[in-house]
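One structure is given below, represented as structure tokens, and several questions about it will come after.
Only the coordinates and a few stated rules stand behind these numbers; no lab work does. What you are looking at is a predicted structure, and each value in this text was computed from that prediction instead of being measured. Because the Cβ atoms are built from the backbone with ideal geometry, glycine has one as well, and the counts that use them run over all protein chains shown.
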């Protein structure tokens with residue numbers, strides 16, 4: 001699994017165990033005079049994406065957190081099911097309503113595995129970890145049921161909203177609030193006492209903090225969409241859009257900024273992990289600076305796309 005535990009970070013424990021280091025040269029002296037950092041970064045990313053590394057990751061994830069690991073695979077298995085429903089209810093007049101639950105299934109797969117990794121690296125009582133896992137499973141399950149029901153009703157030949165549609169919408173909003181509360185709780189722990197965090201690498205801690213902040217801002221964009229009752233600015237929802245993503249190509253679409261934001265919780269920590277796996281490994285100070293830089297870039301990208309959408313401009317106006 002991802003080497004996030006304290007024992008995996010000798011760089012952070014040098015000051016506490018100097019007797020273990022008998023080699024007179026420092027890390028900087030052992031490092032080659034010139035390093036192609038881009039090549040080293042790409043090689044590190046390739047090692048993390050290797051089939052053997054991916055298999056090892058999931059085996060260890062299942063060993064440490066069987067519930068969320070296997071729940072993620074269940075969500076992944078829903079993708080072809082929803083795709084089949086979309087094929088059976090295919091219409092050339094509008095985008096399939098089953099695309100939304102497909103996209104949410106994929107997004108939730110990454111979300112539950114990310115939460116699992118973060119929970120494993122928090123020094124909290126076992127009952128809190130178990131409660132958090134079951135809360136995530138329950139809320140995501142209810143939200144996916146609501147999305148499936150919404151897609152099913154959208155595929156039926158009916159007009160106008162009724163009580164069932166209102167209940168489905170309220171159920172989705174409630175479950176989003178529950179997941180947000182879990183992330184806020186995790187953020188409080190990571191920004192609180194150092195004893196609460198089972199991580200000793202400051203670059204990874206900074207990456208997780210940045211990722212959670214970006215995730216919460218992205219969730220706020222989602223809340224804004226719910227409050228205004230639509231995600232398209234300058235046109236009605238459901239118009240021409242990009243293939244599969246359905247992001248509007250004739251008006252502004254707030255879902256783009258929301259998408260960037262909620263996946264910041266994976267982008268920034270994954271970047272920090274690639275830096276940690278590099279050979280040679282950059283100095284801690286440089287890794288922390290790089291993490292903050294990438295976090296700022298993701299946040300900037302989300303802000304730009306939000307302003308662009310709010311002004312009613314499409315990301316790619318290819319169908320004008």
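Which order do 172, 303, 138 fall in if you start with the one that has the fewest other Cβ atoms within 10 Å?
Result, fewest neighbours first: 138, 303, 172.
I would also like to ask the following. From zero outward in steps of 5 Å, how is the percent of C-alpha pairs of the stretch 199-320 spread across the bins?
Reading upward from the zero bin: 2, 13, 19, 18, 14, 11, 9, 7, 5, 2, 0.
Let me ask you something else. Would you please give the FRET efficiency between residue 138 and residue 53, computed as 1/(1 + (r/R0)^6) with r the Cβ-Cβ distance and R0 = 35 Å, to the nearest 0.05?
0.65
Let me ask something additional. Which FRET efficiency value, to the nearest 0.05, do you get for residue 281 and residue 64 by plugging their Cβ-Cβ distance into 1/(1 + (r/R0)^6) with R0 = 25 Å?
Result of the calculation: an efficiency of 0.55.
On to the next question. Provide 283, 255, 228 in ascending order of the number of other Cβ atoms located within 10 Å of each residue's Cβ, fewest first. All intermediate terms of the calculation are to be shown ahead of the outcome.
Working: 283 14, 255 21, 228 11.
Going from sparsest to densest Cβ surroundings: 228, 283, 255.
Note down the relative contact order for the stretch 199-320 as a percent, whole number, built from C-alpha pairs under 8 angstrom at least six residues apart.
Averaging sequence separation for qualifying contacts and normalising by length gives 38 percent for the stretch 199-320.
When the chain is fully extended, how far beyond the present Cα-Cα distance does residue 74 get from residue 300, taking 0.36 nm per residue of separation?
Numbers: separation 226, 0.36 × 226 = 81.36 nm, distance 3.37 nm.
Stretched fully, the residue 74-residue 300 segment lengthens by 78.0 nm.
Further, regarding this structure: Roughly speaking, what is the stretch gain from residue 220 to residue 45, that is 0.36 nm per residue apart minus the C-alpha to C-alpha distance, in nm to one decimal?
Once the chain is fully extended between residue 220 and residue 45, it gains 59.9 nm.
What whole number of Å gives the distance from the Cα centroid of the stretch 172-241 to the Cα centroid of the stretch 85-149?
14
Could you work out the relative contact order of the stretch 59-119, using alpha carbon pairs under 8 angstrom and six or more residues apart, expressed as a whole percent? Mind dumping the intermediate values first?
Working: 45 pairs, mean separation 27.4, N = 61.
Relative contact order of the stretch 59-119: 45 percent.
How much length is gained if the chain between residue 83 and residue 181 is pulled fully straight, taking 0.36 nm per residue apart and subtracting their Cα-Cα distance, in nm to one decimal?
32.2 nm
Then there's this: Hey, what did the stretch 68-198 get for relative contact order, percent, Cα under 8 Å, at least 6 apart? Could you put the intermediate results ahead of the total?
Working: 106 pairs, mean separation 37.5, N = 131.
Over the stretch 68-198, the number comes to 29 percent.
Order of 120, 60, 143 from fewest to most other C-beta atoms within 10 Å?
Result, fewest neighbours first: 60, 120, 143.
Any number yet on Rg/Rh for the stretch 88-207, C-alpha, Kirkwood?
Radius of gyration over Kirkwood radius for the stretch 88-207 works out to 1.11.
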